[in-house]
Amino acid sequence: MKSPVYSRAGLSRTAAVVVTLFLTAISASAVAREFRAADTQNEEYPTVQALRYMGRLIADRTGGRHQIRVFHSHQLGEEKETIEQTRAGAIDLNRINVALIGTFVPATNVLAMPFLFRSVEHLQKVLDGPIGNEILNSFEPYGFVGLAFYDSGARSIYNSVRPVRSFADMKGLRLRVQQSELMSDMIKALGAEPLELPYGQVLTGLATKLIDGAENNWPSFVTTDHYKYAGYYTLTEHTMSPEVLVMSQKAWESLSVEDRAIFREAAVSSSRFMRERWKDLEDQSRRRAKAAGVTIVTDFDRKPFEAAMAGIYEKAQRDPAVGKLIERIRGVE
Ligand code: GTR
């Protein structure tokens, strides 16, 4: 009889190697993932570009193990629904405006308070400093992990009926607001009639005259074509609510400690990347609106607009923690 080709020891060595390879393959595939990221803005918008940039950094730094797939233009639903889906773990990453997540994470509402920031520099100093960090860290009990803030400039009021040159001109205007109680309260306090509508419905609302106008920053006003239907833009700059990038708690928990650090760092880098593009787009959008014949009102008395917000501050400050946070933000030089 011929002796066997493989010795017993050789066989068990081969088996061990096969098992090891198999286990390695399983564990690698178990941690490798494609993360779904949502953004309501269109493909060219700087926040969407920032998410793509972050995706490239993460793919690079994890050797391709993790990828980010960006769904822009509210492909995964309107902003409020995507927040609910993120909390449920169905969406992994979400770039949203703080006014919307304020319903879920109270501290973020403070950043949307009217006339709170003296300038963009003041806002950036707050967001880049310890207060910004504290707010990002306050998301966890609500099912999210706060990763980074993105710029969003200041929001101003636009409409199709008349140029708003005084507080009295606000009276009776039907203005769309984000799905946020704070934003509704703000517009009501200014004498107009708020209507909470998802972002994706504003253009139709303007075209069908369901609404007279809305409020937003220059890039949103222009990239959505709202400016084609609402030709009066008054530089009220009533809020500077920034954007925030959050991750679902569920997706976060699936990451190793090393990968979490990679995600955090990539998010912060993407926020810097976005800031560089933001200023240009703001200027470009303002120029485009002007060239299209939009009346831009800058010479008006801002004082009554600010004074009308007293009730909103009074309501917010009933929560002592909120009151304290507002004071600290004001105190940042
Ligand atoms: C934009 C913001 C969006 C959305 C939108 C809105 O400035 O980037 O996330 O909140 O405003 O008004 O709905």
Being of a type in the set (V, I, T), modelled with pLDDT under 95 and either assigned to a loop (DSSP other than H, G, I, E, B) or within 16 Å of the ligand (Cβ to nearest atom) (or both), is that true of even one residue in segment 96-103? yes
Candidates A291, A308 - the one that is surrounded by 16 or more Cβ atoms within 10 Å (Cβ to Cβ) and over 24 Å from the mean Cα position of the chain (by Cα): A308
Does segment 46-55 include one or more residues that are closer than 26 Å to V268 by Cβ, modelled with pLDDT of 95 or more and outside any helix (DSSP H, G or I)? no
Taking interchain pairs and intrachain pairs at least six residues apart, which have beta carbon atoms under 8 angstrom, with the first residue in segment 152-172 and surrounded by fewer than 23 Cβ atoms within 10 Å (Cβ to Cβ) and the second at pLDDT 95 or above and basic (K, R)? S160/K209; D169/R162
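Out of the residues in segment 189-211 meeting the condition of being in contact with a helix residue (DSSP H, G or I) (Cβ under 7 Å, 6 or more places away or on another chain) and assigned to a strand (DSSP E or B), tell me which one is nearest to the ligand (Cβ to nearest atom).
Out of the qualifying residues, it is E196.
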Look at P106 and say whether it is over 16 Å from T239 (Cα atoms) and at pLDDT below 95. yes
Taking segment 173-188 and keeping residues under 18 Å from the mean Cα position of the chain (by Cα) and open to solvent by 50 Å² or more (accessible area, probe 1.4 Å) leaves E181
Residue list for segment 112-140, filter: closer than 19 Å to G311 by Cβ and open to solvent by less than 20 Å² (accessible area, probe 1.4 Å): A112, M113, P114, L116
Pick out the one residue from A214, A168 that is away from the ligand (no atom under 16 Å from the Cβ), farther than 28 Å from I68 by Cα and not in a loop (DSSP other than H, G, I, E, B). A168
Please enumerate the residues belonging to segment 227-253 that are open to solvent by 20 Å² or more (accessible area, probe 1.4 Å), of a type in the set (D, E) and either within 25 Å of V126 (Cα to Cα) or touching a Ser or Thr at 6+ places or on another chain (Cβ under 8 Å) (or both). E237
Scan segment 129-165 for residues that are among the aromatic types (F, W, Y), more than 18 Å from L206 (Cβ to Cβ) and either within 16 Å of the ligand (Cβ to nearest atom) or within 16 Å of the chain's Cα centre (by Cα) (or both) and jot them down. F139, F144, F149, Y150
Assess whether L147 counts as being within 30 Å of E253 (Cβ to Cβ) and open to solvent by less than 10 Å² (accessible area, probe 1.4 Å). yes
Suppose we keep only residues that are within 23 Å of the chain's Cα centre (by Cα) and touching a residue at least 40 places away in the same chain (Cβ under 8 Å) within segment 189-200. Which one would you say is surrounded by the fewest Cβ atoms within 10 Å (Cβ to Cβ)? G200
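The values are calculated or read from the model by the stated rules, or taken from the named source; none is laboratory data. Note that the structure is a prediction, hence the values are computed from the model and not measured. A quick note on method: Cβ atoms are made from the backbone with ideal geometry, for glycine too, and the neighbour counts reach across all protein chains shown. These accessible areas exclude ligands, DNA and RNA; they are computed on the full protein's heavy atoms, side chains included. Shrake-Rupley method; radii C 1.70, N 1.55, O 1.52, S 1.80 Å.
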